[in-house]
1. Just in region 1-107: which GluC sites (Glu not before Pro) are loop by DSSP and have at most 12 other Cβ atoms within 10 Å?
2. Please give me, ordered by residue number, the trypsin sites (Lys or Arg not before Pro) of region 253-329 that lie in loop per DSSP and have at most 14 other Cβ atoms within 10 Å.
3. Please find the FRET efficiency linking SER245 to ARG181, where r is the Cβ-Cβ separation and R0 is fixed at 25 Å, and quote it to the nearest 0.05.
4. Given a cut-off of 27 Å, name the pairs among LYS61/LYS286; LYS116/LYS328; LYS116/LYS410; LYS116/LYS171; LYS11/LYS57; LYS11/LYS59 whose C-alpha atoms lie farther apart than that in the structure shown.
5. Where is the GNM fluctuation largest for the chain (alpha-carbon springs, 10 angstrom cutoff): ALA88, ALA147, ALA325?
6. Please give, to one decimal in nm, the separation of the simple spin-label points placed at ASP310 and ASP43, each 7 Å out from Cα toward the Cβ.
7. Cα to Cα, under 15 Å, and not fewer than 8 places away if on the same chain: which aspartates and glutamates meet these conditions relative to LYS183?
8. What distance in nm separates the simple spin-label points at LYS61 and MET209, each placed 7 Å from Cα in the Cβ direction?
Amino acid sequence: MDFQPSERAKKTAERVRAFIKEHIEPIEPAHWAGILGQRHGGDWTQWTIPPHVEALKAKAKAEGLWNLFLPDPELGAGLSVLDYAFSAEETGHSMMAPEIFNCNAPDTGNMEVLWKYGSDEQKKQWLTPLLAGEIRSVFFMTEPDVASSDATNMAATAVIDGDEIVLNGKKWWSSGVGDPRCKVGIFMALTANPDLGRHNQHSMVLVPMDSPGVEIKRMLPVFGEYDEPHGHGEVHFTNVRLPLSSFIAGPGRGFEIAQGRLGPGRIHHCMRCLGAAEKSLELAIKRGIDRTAFRKQLINLGGNRERIADARVAIDQARLLTLQAAWKIDTHGVMGALTDVSAIKVVAPTVLQNVVDFAIQMHGGMGVSHDTPLTAFFIQARSLRLADGPDEVHKGMIARLELMKYGVMK
């Protein structure tokens, strides 16, 4: 195994780091303060995109720091999953950065789906403007009325009726649906067919957000934050009629597509977690050096030095595990990296949660305010222990694959 980045990947990560330092870090505090100062709560109809966001995106695009996640050399940067991982970690230092490089979820996963499985017509209509950063998208999977940790529980339906697909159901935690630029969603639903196997009964359907019968009901706060101007919404679909050409790759391909979508996406999430953990540790150390209590630097009080050592070890262990998963996806494909991808999905958010908790403690009351990015990093960590499958599901997968080596098949 070789986890060293290629020379091009190394230089790309360095350029990403320099762009963040020069163009994003100086304005990020004011960016979030501006949003907080004029936030509209859950009323997504009033949400707007600050002009400086689009200006920064244009600058990143002009510098070639654009669509770095996509391995296609014509449409994206042409980096492998492993090579992109190093840039993904850099973007994790900032809550703002992933969007600036057009490398933020759920758009990255949706673009990968369209790139791998979309028809020429679907690519022209949706992939092209997504790659250009002209529109945003949403992924409709989780549902309020069923235990969505088991995706086969899905109750939403995509039923074929003549030359149309009819969608019905409720989805929630649909990230990005409140963004005023969100124009299309990928809707995963049951296309019932008793002749098909358990994992061949679901489909993915492209849904324009202005389709009749699509209704955003509300935005859901995460620890009291609505994540304006993107949001996480509950959306109801009532007899939404779409042409059969809206199926991605045809009916019954939903689970197959989901596996391909979520594998690389989890690498992106986990590397960004490690970037956030590095930033949190940096803030904790600087606070510990600069702050004095009981006539000692905070860094020398209690067990703070030991906690710093624990954080350093945990971050580096998680990074190596994540790079191994990326390497396996590149060399063996997503199905050959199932254990590794589930392992990092458990480990990386937990490492971030623990490191940011330490950093918050070092900052005292300031740590739970909006004066640092620590609360946003904590929300990110705790949410990711549920998103894309909760810890327990991934541990179950790891155990099942391990037991199969010993002939235990269930």
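1. Values: sites: GLU7, GLU14, GLU22, GLU54, GLU63, GLU74, GLU89, GLU90, GLU99; in loops: GLU63, GLU74.
Within region 1-107, the qualifying GluC sites (Glu not before Pro) (loop, at most 12 other Cβ atoms within 10 Å) are GLU74.
2. Answer by residue number: ARG295.
3. 0.55
4. LYS61/LYS286; LYS116/LYS410
5. In the Gaussian network model the winner is ALA147.
6. If labels sit at ASP310 and ASP43, their model points lie 4.5 nm apart.
7. ASP107, GLU134, ASP210, GLU215
8. Calculated label separation equals 1.7 nm.
Each reported figure results from applying straightforward, stated rules to the coordinates on display, with no laboratory input. Nothing here was measured: the structure is a model prediction, and the numbers come from that model. When we count neighbours, we look across all protein chains shown, and the Cβ atoms used for this are built from the backbone with ideal geometry, even at glycine.
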